[in-house]
Each structure stands twice: as C-alpha cells, then as structure tokens.
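Read the structure below first, then the notes.
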Amino acid sequence: MAGPQTVEINCETGEVTYRELTAAEIAEAEASSKKAIEEQEAVKTAHEQMLADKESGNQKLKDLGLTDDEIAALTS
C-alpha cells in the first residue's frame, strides 16, 4: 500500500509525476497541521474570553444601575 503522495507537474512539458512523500515532507506536514490546530484553539480561547469579558462588563454596568439601552449606547 502506498503512503501519502504528492503530484509534480512540469509546466513546460505537461508531464505529471506522482511520488510518495519523504519522511521529512510528512514530518513538515504534520508539524504544520499541529501548528494550525494550536492557532485555531488560541483564537477560539481568545474569542471565548472576549465574550466572557463583555458579559462581565455589562453585568457590572447593570449593577451600577444602568439600563440595557444605556449600556447599548455606551458599548456600541
């Protein structure tokens, strides 16, 4: 069974060549994938923190006696 493959296309001749990835190419792809997943998780965590901060801030404004309309006017 063949492992992961890549395709190489010679633009001058139109020749198409399929070959198996080298161990280094596989390792690079795995590292790239891992980095992308970590970056995606960091963005998700930052977004969740922003939403929590917004909710906390709105609650603090309500605790000070502001109405929802006043809060919306301040935060828009």
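Read-outs: derived from the displayed coordinates by stated rules, not from any lab. Predicted, not measured: the structure shown is a model, and the values here were computed from it. We place every Cβ from the backbone using ideal geometry, glycine too, and count neighbours over all the protein chains shown.
In the set (1) exposed (fewer than 10 other Cβ atoms within 10 Å of the Cβ); (2) part of a helix (DSSP H, G or I); (3) hydrophobic (A, V, I, L, M, F, W, C), Leu74 fails one condition alone, (1). Within region 12-36, work out how many residues are surrounded by 10 or more Cβ atoms within 10 Å (Cβ to Cβ) and not polar (S, T, N, Q). Summing the residues that are surrounded by 10 or more Cβ atoms within 10 Å (Cβ to Cβ) and not polar (S, T, N, Q) in region 12-36 gives 13.
Remark: pairs (first residue in region 46-58, under 22 Å from Ala73 (Cα atoms); second residue surrounded by 10 or more Cβ atoms within 10 Å (Cβ to Cβ) and of a type outside the set (Gly, Ala, Ser); Cβ separation under 6 Å; 6+ apart in sequence or on different chains) = Asn58/Ile71.
So which residues in region 6-35 are of a type outside the set (S, T, N, Q) and assigned to a helix (DSSP H, G or I), if there are any at all? First the steps, then the outcome.
Here is the first cut: in region 6-35, the ones of a type outside the set (S, T, N, Q) are 7-9, 11-12, 14-16, 18-21, 23-31, 34-35.
Listed by number, the residues that qualify are Ala23, Ala24, Glu25, Ile26, Ala27, Glu28, Ala29, Glu30, Ala31, Lys34, Lys35.
Enumerate the pairs (first residue in region 4-16 and without any contact (Cβ under 8 Å) to a residue 24 or more places away in the chain and more than 24 Å from Ala27 (Cβ to Cβ); second residue anywhere and of a type in the set (Asp, Glu) and assigned to a strand (DSSP E or B)) with beta-carbon separation below 8 Å, excluding pairs fewer than 6 apart on the same chain, so at least 6 apart or on different chains. Partner pairs satisfying both residue conditions: Val16/Glu8. Here Asp53 does not fit the description of being part of a helix (DSSP H, G or I) and either in contact with a Gly (Cβ under 7 Å, 6 or more places away or on another chain) or loosely packed, with under 10 Cβ neighbours inside 10 Å (or both).
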